[in-house]
Amino acid sequence: MARLLLVDDDLTLLNVISDYLESRGHKVARCSDPTLATELAEKTAPDLAVVDYEMPGLSGTHLLTELRAGGRTHRLPVLFLSGVEPLLYASQVAPDPLVRFLRKPVDFKELEGAIAALLDPEGWAKKAGGA
C-alpha cells in the first residue's frame, strides 16, 4: 500500500488512526509535534500526509506551506482532518487537487476513500482493475 505521514497532537487519535491505517496495509510515520513534521516527511518520503488542521505551534496552512517548500514533499498530497466544519477553514488554503478535507470524528470508510482518491486522482487503479 502507501507510505503515510500522520500528524496530530492528540495522541489517542494519532494512535487509533495510525493503527487502523497500518491494519489496512499502509506504512505510517506518526508525528505528534507539527513543528517536526516537515523533517520527518523529508526522512520518510511519504506518498501522502494526513494532518490535523488545528494544532498548537503550527496550523495546517503553515504546515502545508512548509511541506510544499520541501524537496521530496513539494507535491505531497495532504488530507486535513479537523473537528471544525471544513468549509470554515478550507478557504484558508488555495484550491489544490492534492488537498482534501475531512471532519472529525473520522469515518474510516471516508478516510480510506479520500486517501485512495488523493493517491490515484485519475482513477488509474480502478481502470487497470477492470472496473
When the residues of the stretch 81-106 are filtered to those that are open to solvent by 40 Å² or more (accessible area, probe 1.4 Å), of a type in the set (A, V, I, L, M, F, W, C) and assigned to a loop (DSSP other than H, G, I, E, B), which remaining residue is modelled with the highest pLDDT? Ala94
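State whether the residues of the stretch 66-73 include one that is open to solvent by 40 Å² or more (accessible area, probe 1.4 Å), in contact with a Pro (Cβ under 6 Å, 6 or more places away or on another chain), assigned to a loop (DSSP other than H, G, I, E, B) and of a type in the set (Gly, Ala, Ser). Give the steps one after another, and end with the answer.
Here is the first cut: in the stretch 66-73, the residues open to solvent by 40 Å² or more (accessible area, probe 1.4 Å) are 66, 68-69, 71-72.
Now narrow it down to the ones that are in contact with a Pro (Cβ under 6 Å, 6 or more places away or on another chain): none.
No, there is no match, as no residue in the stretch 66-73 is open to solvent by 40 Å² or more (accessible area, probe 1.4 Å), in contact with a Pro (Cβ under 6 Å, 6 or more places away or on another chain), assigned to a loop (DSSP other than H, G, I, E, B) and of a type in the set (Gly, Ala, Ser).
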Could you tell me whether Ala37 is open to solvent by less than 40 Å² (accessible area, probe 1.4 Å), touching a Cys at 6+ places or on another chain (Cβ under 6 Å) and over 13 Å from Leu111 (Cα atoms)? yes
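Counting just the residues of the stretch 75-90 that are among the small types (Gly, Ala, Ser) and closer than 21 Å to Val16 by Cα, which one comes out farthest from the chain's Cα centre (by Cα)? So that I can check it myself, show each step before the final result.
In the first step, residues of the stretch 75-90 are kept if they are among the small types (Gly, Ala, Ser); the result is 82-83, 90.
Imposing the further condition that a residue be closer than 21 Å to Val16 by Cα reduces the set to 82-83.
On the way: Ser82: 11, Gly83: 15 Å.
Here the answer is Gly83.
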Identify, from the list Thr12, Thr35, the residue that is touching a Gly at 6+ places or on another chain (Cβ under 6 Å) and either part of a strand (DSSP E or B) or not hydrophobic (A, V, I, L, M, F, W, C) (or both). Thr35
Which of (1) crowded, with 20+ Cβ neighbours inside 10 Å; (2) touching a Leu at 6+ places or on another chain (Cβ under 8 Å); (3) within 22 Å of Pro105 (Cβ to Cβ) does Leu76 not meet, given it meets every other one? (3)
Between a residue in the stretch 91-110 that is closer than 19 Å to Leu21 by Cβ and any residue that is open to solvent by 100 Å² or more (accessible area, probe 1.4 Å) and in a loop (DSSP other than H, G, I, E, B), which pairs come within a Cβ distance under 9 Å, given they are 6 or more apart or on different chains? Leu98/Arg75; Phe108/Arg24
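The values are calculated or read from the model by the stated rules, or taken from the named source; none is laboratory data. This one's a predicted model, so the numbers in the text were calculated from it and none came from an experiment. No Cβ is skipped: glycine too gets one built from the backbone with ideal geometry, and neighbour counts run over all protein chains shown. Surface accessibility is based on the protein's heavy atoms, side chains included, excluding ligands, DNA and RNA. Shrake-Rupley method; radii C 1.70, N 1.55, O 1.52, S 1.80 Å.
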